[in-house]
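Working notes, structure below.
Each reported figure results from applying straightforward, stated rules to the coordinates on display, with no laboratory input. Because the structure is a prediction, the values reported are computed rather than measured. Every residue, glycine as well, gets a Cβ built from its backbone with ideal geometry; the counts of neighbours run over all protein chains shown.
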Amino acid sequence: MFKHLQAVPGDPLLALIIAHKNDPNPKKIDLGVGVYKDSSGNTPILNSVKKAEALLLKQEESKSYIGINGAPEFAPIVQSLLLGTDSQIIKDKRIQSAQTPGGTGALKVAADFIGANLPNPKIWVSDPTWGNHLPIFKSAGVEIATYPYYDPATNGLRFDDLMTTLRAEAKAGDTLLLHACCHNPTGIDLQFEHWKVLTDFVLERDLLPLVDAAYQGFGDGLEQDVAGLRYMAERVPNMLIANSFSKNFGIYRERCGGLSIIAETSTEVANAFSIIGMAIRANYSMPPAHGAAVVYTIMQTPELKAEWEQEVAAMCDRINYLRDQLVSKLAQSGCKKDFAFIKDQRGMFSYSGLTVEQVHRLRNEFSIYMADTGRMNVAGMTDENMDYLVEAIVQVVG
Ligand SMILES: Cc1ncc(COP(=O)(O)O)c(C=O)c1O
C-alpha cells in the first residue's frame, strides 16, 4: 500500500535545531529556533501563566467537551485585544471569534473557509512570508500568488512594487494576507501610512483582508502593534483575523489562538461564522481547552492582567534592546557593512542581509546557527554571546 511513497525532506529549521543541540562548541549560539528566549537562553513560563494555572487547578471541575468555538469567555477577550475595548465593530456585533489550536489552527480554518466558499479562491501573500502559509492555503485548494515585499538591495520594504503588483493583478474577491506586525521572516513591518493606502485599495478593489497577528506585543507594544489592523478593520466591510497566543503568552505547546471574522452586519457574520464552525468540526472537532483557559483567566483577573502586560513589555523591550546592541556593536567594530536597518525591524525575527555563504561560514566556523535565508531570531542573543556574535559577523562579512 505504501511502497510507492517517497520520504519528503524535513523542515530545514528543525535540522538546524538538532545540529545546534549536537554541537559540542561551548560558544554555540542558536538564532534559528522560532521561540522567545530570555537572557539565560531559556523559554520561560510567564509568572502570570503559572499563577493562572494554579487557579485553574483548583477551580476546574470538568474535562467535558467545550464546544466547536471554544469557551464562551474566550471570544470577547480576543476581540478586545485585537480591536480595543471600545470598538464599534464589537458593539455592533459585526465580529465573531472562535478559539483555535494556535495561530496555525486559525489559518487552517480560514483557508478551508476561503477555499470552500469564495469563488475562484486566491490569496496574495508577501514575498517572502512565513513558510507554513503556503502549504496551509495550498492544501485548502486556494491559489497562491505573491506580492513583492522584501528588497535585498535596501534590506527594506518594496511598498511601491507591492502596490504596483496588486493594482495590476489583484481581482475583486481575492484574499490579501497581511502580517499585523513583526513580519515573519523579515522583521520589516508595514508602517501606518501603508495600512492607510492598503485600506483604500481593499475598498476600491473589493478584497478580503486576512490579517495574521502572531506577535501582538512583541514589536512596539500591545496597542501599537495592532494600530494598522484596527485602522483597516474600522473601514472595510469584511475581514478575517488569525491570531496566536503562542508567543505573547509563551504557551506555544498549549496550542491557543483565535479566528475572528468581521462582516457588514450581525446577521451576515452569524451566517458566515456558522460555516466556519463546520470547517472546525471537519478539522479537529473542537479546540484544546487549557491554553485558552489560561488566557481568559489572566485577562479576567486584574492583577494577573497587569502582570502579563508587564511581562509582554519586558519581552518586547529585551528584543529591541538586543537589536540596538547588535547594531551599535557592529558599527563600533568597524564592520564594512552597515547593519543599521536591523534597528528598524520589529519582532523576534530579522532578515540580517547575510548571504547564504556567510550564514554557512557562521555555522561551520563559529557554531552560530541561523536559517539559510539569513533570518535570525534576535531573542537568541544575550549580553554574554553578543561580542562573540559580532566578532564572527565581522569576520564573515569582512
Ligand atoms: C506569521 C506566523 N503566523 C502564525 C504562526 C503560528 O503560530 P502558532 O504556533 O500559534 O500556531 C506563526 C508561528 O511561528 C507565525 O510566525
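Quick notes on this one:
- When Met286, Met232 are sorted by how many other C-beta atoms sit within 10 angstrom of their C-beta, beginning with the fewest, the order is Met286, Met232.
- Counted by neighbouring Cβ atoms within 10 Å, the residues Arg235, Arg361, Arg255, Arg346 run from fewest to most as Arg235, Arg361, Arg255, Arg346.
- Antiparallel beta bridges, as assigned by DSSP with both residues in the range 190-324, represent about 60 percent of the total such bridges.
- Paramagnetic label reach from Ala172 (point 7 Å along Cα→Cβ; backbone nitrogen cut-off under 20 Å): within the range 225-254, residues 235-240.
- Environment charge of Asp206, counting only residues whose C-beta is closer than 14 Å and scoring Lys/Arg +1, Asp/Glu -1: +1
- Given charges at Cβ of Lys, Arg, Asp, Glu: the range 109-249 dipole, positive-most of Phe159, Ala233, Ile123: Ile123
- Crossing angle, helix 47-59 versus the chain [Cα axis fit, 0-90 degrees, rounded to tens]: 40
- Residues in the range 331-358 that a label on Ala15 would reach, taking backbone N under 18 Å of a point 7 Å out along Cα→Cβ: 356-358
- For Ile368, the residues whose modelled amide H falls within less than 5 Å of its own, excluding neighbours fewer than 5 places apart on the same chain, are Ile29, Arg363.
- Rel. contact order, % - alpha carbon contacts under 8 angstrom, at least six apart, the range 65-300: 30
- Seen against the Cα atoms of the chain and their longest principal axis, helix 302-332 is set at about 30 degrees.
- A convex hull fitted to the Cα coordinates of the range 243-398 yields 172 cubic angstrom per residue.
- Packing-based exposure ordering (other Cβ within 10 Å, fewest first) of Cys256, Cys182, Cys335: Cys335, Cys182, Cys256
- Simple point charges give the picture: +1 on the Cβ of Lys and Arg, -1 on the Cβ of Asp and Glu, and for the range 65-300 a dipole about the Cα centre of about 660 debye.
- Counting only Cβ charges, +1 for Lys and Arg and -1 for Asp and Glu, the dipole size of the chain around its Cα centre is about 860 debye.
- Comparing the range 65-300 with the 2.2 N^0.38 Å rule of thumb, its C-alpha radius of gyration ratio is 0.94 (two decimals).
- Computed over the chain, the ratio Rg/Rh where both radii use C-alpha atoms and Rh is Kirkwood: 0.97
- Taking other residues whose beta carbon is less than 11 angstrom from the beta carbon of Asp220, and scoring Lys, Arg as +1 and Asp, Glu as -1, yields -3.
- Amide hydrogen neighbours beyond the local backbone of Gly70, cut-off 5 Å, H modeled: Gln99
- Of all DSSP beta bridges in the range 65-300, antiparallel share, percent nearest 5: 45
- Antiparallel %, DSSP beta bridges [both residues in the chain], to 5: 45
- Dipole of the chain, positive direction: furthest Cα of Gln325, Ile188, Pro101, with charges on the beta-carbon: Pro101
- Axis angle, to the nearest 10 degrees, between helix 74-83 and the longest C-alpha principal axis of the chain: 60 degrees.
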